[in-house]
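The values are calculated or read from the model by the stated rules, or taken from the named source; none is laboratory data. Please read these numbers as outputs of a predicted model, since none were measured by experiment. Reconstructed Cβ throughout: ideal geometry from the backbone, glycine too, with neighbour counts over all protein chains shown.
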2 protein chains.
Amino acid sequence: MRETKEILEERYQKFVEASLCINMERGWPCREQLELSMPMLDLVGSRTELEREVDYRGYAGTAGIEPLKKLFADILEVCPEEIYIGSTMSTTLMYDIVNKAVLFGFDGHEPWKNLNTVKFICPVPGYEKHFKICETFGIEMLPVRMMDDGPDMDMVERLVAEDASVKGIWCVPLYSNPTGAIYSDETVTRLARMRTAADDFRIFWDNAYCVHHLTEEKYQVKNIIRECEKAGNPNRVFEFASTSKITFPGGGVGLCASSKENIAWLTKNSLLQLKSGDKINQLRHFMLLKDPEGVDAHMNKHREIISPKFDMVDRILHEELDGCNLAEWDRPKGGYFFNIKLKNGMAHAVWQACKDAGVAITPAGSTFPYGNDPDDAYLRIAPTYPPIHELETAMHILGVCIKLTGLRIFGEECI
Amino acid sequence: MRETKEILEERYQKFVEASLCINMERGWPCREQLELSMPMLDLVGSRTELEREVDYRGYAGTAGIEPLKKLFADILEVCPEEIYIGSTMSTTLMYDIVNKAVLFGFDGHEPWKNLNTVKFICPVPGYEKHFKICETFGIEMLPVRMMDDGPDMDMVERLVAEDASVKGIWCVPLYSNPTGAIYSDETVTRLARMRTAADDFRIFWDNAYCVHHLTEEKYQVKNIIRECEKAGNPNRVFEFASTSKITFPGGGVGLCASSKENIAWLTKNSLLQLKSGDKINQLRHFMLLKDPEGVDAHMNKHREIISPKFDMVDRILHEELDGCNLAEWDRPKGGYFFNIKLKNGMAHAVWQACKDAGVAITPAGSTFPYGNDPDDAYLRIAPTYPPIHELETAMHILGVCIKLTGLRIFGEECI
């Protein structure tokens, strides 16, 4: 039975009257996910031997403890000497590396602050914090369309080849935020090999979801550090990962993987700022996760909790929207987000309607540089945080809001 | 009996032959001190309630957990809203604040990078890392003589009044590194009240040793945050402290205290860089230390361990050097260092002689900007880290090295 405008408005009104407060705005793990890592807090105690390759309690050791570097190196298929473990979050490392490139420059290169213009390529839709880092440091953003297998590489190659002020690109190569795209081998190879006018061009490879699978199949992207090396551009890429969504977002471990030369540059330029990260917490992480198989087993438990949420989002979107041509989406194979592409001109209105009904989703436009989605078409939702019964309600609200907005803008025939 | 050149050389040769390796270079707590905080590692476990004012495991909360902010506020006699708890070390906060002043400027002020020159006043001898931060950001350093009650305030007042490019001063107000000086009330008041040509002048008040007493008397300096407020310069000071030498240097908590306006500026400019510090570790610290009395009791245990080391340094310096006029020193009342003022022209040679005998002390010159002690007279030693029997040997070596160097430079009559 087709819903009429009156039925939709009645449904919407009922939601509004329920005074809900449901948060699907950020990629936050839910309480059940956080519980998974509670045993970690018992692994280091007053009797734990902490005098290892250095005294983990003391100042010594800058780039992280050896066993944890080894674990991350195994996961990312690099050597431990290609790993720097710093602060508790990878965003800190991304921010600090851009900051240091601006102020001091990469080894032997002009600090970016001395240049008139610095530009970064930003695949869109993309991750808001990457764009905010650019904004913070006055870096001009060049949006490039995100495809199913990575950014539009013809465009990327053209931009980097012709303009020496293009100094970087942001990539979330696996289960991209927010589209869920997986970079193909060809995309990785082209990024590693492409000719860049700037010789201090850097790829910021935010491998945030490298072990965050949502299906049986554990997708992997080609090792870009090795590809860059093979292509004769060994220092082109900084790769990032963290345990924020493996253990505790507020008490995890952030890391950077790169060429030995880049890691030496990063270590040298970080020593004064942070003599050493929290090596005791690093040990806790190593003891919980142990090896890639341990990480895998732990991440399977996360998947069991959140995969049903992604299924539900997909199911309710179909229930609510099949038959009308207002929205497109794919059920992602990993990561933390659903990307919904609406008909142009709808996103802000849908976001507002959800908000008025007590459902917070990521503000429309957020996945574009300067918050500006020129088509006003993209919405990102983050289904992990709310309890599943709240998520169910929220998704029905979203469905109703999309249909009501469609009705208002495009008239009866769209629903 | 007076020692002859031959006796001294023989003593020195014996030390060299013993192939020692003793480290008095850095202010590192010794193993026994680290053991004091091991019980902290049992305080948070898998059954600890972590969902408090926010979920301590999650992303929420930026400036630190409430109970720990309260504890630090009580110690520093400010309000919890005047506290920002960020990374694990206060050096990170100092570095980042200078970095942000350079790139973004303090609220409503020109970023320092847009100015031709930025200068900081550096009381000398002082703390090497402060000077390194200036060097990193291209800030010119103006050395000002350190007195027993703080820097030469006539000079400071003159410099800040006449030159708008003087933007800051580094201070370690209590048990100053390395001289052990304690800032007098008058010094604090003059710093708070002085007229500065720059209206974004800032005092970097590194209260690193605020609870690190080495005598029965617990010295305190006047509350500079309140003094600045009273003087109509509420945003003039950033105060720093940390638990690096209370609990674990590598796994502690760093904090900044300042006016609410400055804390708002710092929080706003840090949010993207570090969404939240490790709130679980903050809780561990709160549970160990509890309140100012708890901190006091804990610090008394530190004092019992290290105070005998300071006594021994003082005793052996007297044994070795009384009667010759080669060196002056004071047994400090708190903090981590002994400052030895030698006759001019001796410091590098003594440092090298110690090194050749297997004793590492802080490189001569380190306590001056650019490593340049114009009189080549100051040596800093850090007696806390080596075991007491090693410290005993090292101090005799130092004594012999001072006398041998004196002999070489000034001839027989100096010993």
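Which one of these is at pLDDT below 95, in contact with a strand residue (DSSP E or B) (Cβ under 8 Å, 6 or more places away or on another chain) and not assigned by TED's automatic domain parsing to the domain that holds B:Asn339: B:Thr92, B:Thr62, B:Thr88, B:Thr117?
The conditions single out B:Thr88.
Conditions (1) surrounded by fewer than 21 Cβ atoms within 10 Å (Cβ to Cβ); (2) in contact with a Gly (Cβ under 7 Å, 6 or more places away or on another chain); (3) small (Gly, Ala, Ser), marked per residue:
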position	(1), (2), (3)
A:Ile316	yes, yes, no
A:Glu320	no, yes, no
A:Gly323	yes, no, yes
A:Lys333	yes, yes, no
A:Tyr336	no, yes, no
A:Gln352	yes, no, no
A:Thr362	yes, no, no
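Please go through the stretch B:134-151 and pick out each residue that is touching a residue at least 40 places away in the same chain (Cβ under 8 Å) and not in a strand (DSSP E or B).
Within the stretch B:134-151, B:Cys134, B:Glu135, B:Thr136, B:Ile139 meet the criteria.
Among the candidates B:Leu404, B:Leu391, B:Leu379, single out the residue that is buried (at least 21 other Cβ atoms within 10 Å of the Cβ) and in a helix (DSSP H, G or I). Steps first, please.
Working: B:Leu404 fails: buried (at least 21 other Cβ atoms within 10 Å of the Cβ); B:Leu379 fails: in a helix (DSSP H, G or I).
Result of the check over B:Leu404, B:Leu391, B:Leu379: B:Leu391.
Have a look at A:Val98, A:Val102, A:Val44, A:Val78 and point out the one that is out of contact with any His (no Cβ under 7 Å at 6 or more places or on another chain), aliphatic (A, V, I, L, M) and more than 13 Å from chain B (Cβ to nearest Cβ). Even if it seems obvious, please write down each step before you answer.
Details: A:Val98 fails: more than 13 Å from chain B (Cβ to nearest Cβ); A:Val102 fails: more than 13 Å from chain B (Cβ to nearest Cβ); A:Val44 fails: more than 13 Å from chain B (Cβ to nearest Cβ).
Exactly one residue qualifies, and that residue is A:Val78.
Look through A:Ala360, A:Ala349, A:Ala353 and report the one residue that is touching a residue at least 60 places away in the same chain (Cβ under 8 Å), touching a helix residue (DSSP H, G or I) at 6+ places or on another chain (Cβ under 9 Å) and part of a strand (DSSP E or B).
Working: A:Ala349 fails: part of a strand (DSSP E or B); A:Ala353 fails: part of a strand (DSSP E or B).
Exactly one of A:Ala360, A:Ala349, A:Ala353 is touching a residue at least 60 places away in the same chain (Cβ under 8 Å), touching a helix residue (DSSP H, G or I) at 6+ places or on another chain (Cβ under 9 Å) and part of a strand (DSSP E or B), namely A:Ala360.
Looking at (1) out of contact with any Asp or Glu (no Cβ under 9 Å at 6 or more places or on another chain); (2) farther than 20 Å from A:Trp112 by Cα; (3) assigned to a loop (DSSP other than H, G, I, E, B), find the lone condition where A:Cys228 falls short.
The number of the failed condition is (3).
Part of a loop (DSSP other than H, G, I, E, B) and without any contact (Cβ under 8 Å) to a residue 40 or more places away in the chain: which single residue out of A:Ala208, A:Ala181 fits that description?
Among A:Ala208, A:Ala181, only A:Ala181 is part of a loop (DSSP other than H, G, I, E, B) and without any contact (Cβ under 8 Å) to a residue 40 or more places away in the chain.
State all residues of the stretch A:1-22 that are in a helix (DSSP H, G or I), more than 35 Å from the chain's Cα centre (by Cα) and of a type in the set (Val, Ile, Thr); if no residue qualifies, say none.
Within the stretch A:1-22, A:Ile7 is the sole residue that qualifies.
So which of A:Val102, A:Val118, A:Val124, A:Val156 ends up being surrounded by 20 or more Cβ atoms within 10 Å (Cβ to Cβ), β-branched (Val, Ile, Thr) and over 30 Å from B:Phe104 (Cα atoms)?
Among A:Val102, A:Val118, A:Val124, A:Val156, only A:Val156 is surrounded by 20 or more Cβ atoms within 10 Å (Cβ to Cβ), β-branched (Val, Ile, Thr) and over 30 Å from B:Phe104 (Cα atoms).
Results for (1) among the basic types (Lys, Arg); (2) surrounded by fewer than 21 Cβ atoms within 10 Å (Cβ to Cβ), shown as yes or no for each residue.
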site	(1), (2)
B:Lys70	yes, yes
B:Gly86	no, no
B:Val98	no, no
B:Gly108	no, yes
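Has the stretch B:259-271 got any residue that is in a loop (DSSP other than H, G, I, E, B) and closer than 29 Å to A:Gln282 by Cα? First the steps, then the outcome.
Restricting attention to the stretch B:259-271, the residues satisfying the condition of being in a loop (DSSP other than H, G, I, E, B) are B:259, B:271.
Subset that is closer than 29 Å to A:Gln282 by Cα: B:271.
Checked against the condition, which is being in a loop (DSSP other than H, G, I, E, B) and closer than 29 Å to A:Gln282 by Cα, the stretch B:259-271 yields at least one hit.
Find the residue count for the stretch B:23-39, including only residues that are in a helix (DSSP H, G or I) and facing chain A (nearest Cβ under 8 Å).
4
Filter the stretch A:51-64 for residues that are in a loop (DSSP other than H, G, I, E, B) and in contact with a Gly (Cβ under 9 Å, 6 or more places away or on another chain) and give the result.
Within the stretch A:51-64, A:Glu53, A:Val54, A:Tyr56, A:Arg57, A:Gly58, A:Tyr59, A:Ala60, A:Gly61, A:Thr62, A:Ala63, A:Gly64 qualify.
Name the residue, out of A:Gly371, A:Gly399, A:Gly345, that is over 22 Å from the mean Cα position of the chain (by Cα), under 24 Å from A:Met141 (Cα atoms) and of a type outside the set (Asp, Glu).
Numbers: A:Gly371 fails: over 22 Å from the mean Cα position of the chain (by Cα); A:Gly399 fails: under 24 Å from A:Met141 (Cα atoms).
Being over 22 Å from the mean Cα position of the chain (by Cα), under 24 Å from A:Met141 (Cα atoms) and of a type outside the set (Asp, Glu) holds for just one of A:Gly371, A:Gly399, A:Gly345, which is A:Gly345.
What residue, of B:Pro39, B:Pro67, is over 20 Å from the mean Cα position of the chain (by Cα) and either of a type in the set (Phe, Trp, Tyr) or within 30 Å of B:His389 (Cα to Cα) (or both)?
Result: B:Pro39 is the single residue among B:Pro39, B:Pro67 that is over 20 Å from the mean Cα position of the chain (by Cα) and either of a type in the set (Phe, Trp, Tyr) or within 30 Å of B:His389 (Cα to Cα) (or both).
For the list (1) modelled with pLDDT of 95 or more; (2) facing chain B (nearest Cβ under 10 Å), I need the number of the one condition that A:Gln13 fails.
Tallying (1) modelled with pLDDT of 95 or more; (2) facing chain B (nearest Cβ under 10 Å), A:Gln13 fails exactly one: (2).
Here's the yes/no breakdown for (1) of a type in the set (A, V, I, L, M, F, W, C); (2) closer than 30 Å to A:Gly64 by Cα; (3) within 14 Å of chain A (Cβ to nearest Cβ); (4) buried (at least 20 other Cβ atoms within 10 Å of the Cβ):
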residue	(1), (2), (3), (4)
B:Asp185	no, no, no, no
B:Thr189	no, no, no, no
B:Arg226	no, no, no, no
B:Asn233	no, no, no, yes
B:Ala241	yes, yes, no, yes
B:Gly250	no, yes, yes, yes
B:Leu255	yes, yes, no, yes
B:Glu261	no, no, no, no
B:Gln273	no, yes, yes, yes
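Would you check if there is a residue in the stretch B:286-297 being more than 10 Å from chain A (Cβ to nearest Cβ), in contact with an Asp or Glu (Cβ under 8 Å, 6 or more places away or on another chain), of a type outside the set (Ser, Thr, Tyr) and buried (at least 20 other Cβ atoms within 10 Å of the Cβ)?
Checking the stretch B:286-297: not a single residue is more than 10 Å from chain A (Cβ to nearest Cβ), in contact with an Asp or Glu (Cβ under 8 Å, 6 or more places away or on another chain), of a type outside the set (Ser, Thr, Tyr) and buried (at least 20 other Cβ atoms within 10 Å of the Cβ).
For residues in the stretch A:81-95 being among the aliphatic types (A, V, I, L, M) and closer than 18 Å to A:Lys245 by Cα, which is farthest from the other protein chains (Cβ to nearest Cβ)? I'd like the intermediate steps shown before the answer.
Just the residues of the stretch A:81-95 that are among the aliphatic types (A, V, I, L, M), to begin with: A:83, A:85, A:89, A:93-94.
Narrowing further to those that are closer than 18 Å to A:Lys245 by Cα: A:85, A:89, A:93-94.
On the way: A:Ile85: 12, A:Met89: 6, A:Leu93: 10, A:Met94: 9 Å.
Per the stated criteria, the residue is A:Ile85.
Please verify whether the stretch B:190-201 includes one or more residues that are basic (Lys, Arg) and part of a helix (DSSP H, G or I).
yes
What number of residues within the stretch B:72-120 satisfy the criterion of being polar (S, T, N, Q) and part of a helix (DSSP H, G or I)?
The total comes to 5.
For the stretch A:26-59, which residues satisfy the criterion of being of a type in the set (A, V, I, L, M) and under 24 Å from A:Gly335 (Cα atoms)?
Listed by number, the residues that qualify are A:Leu34, A:Leu36, A:Met38, A:Met40.
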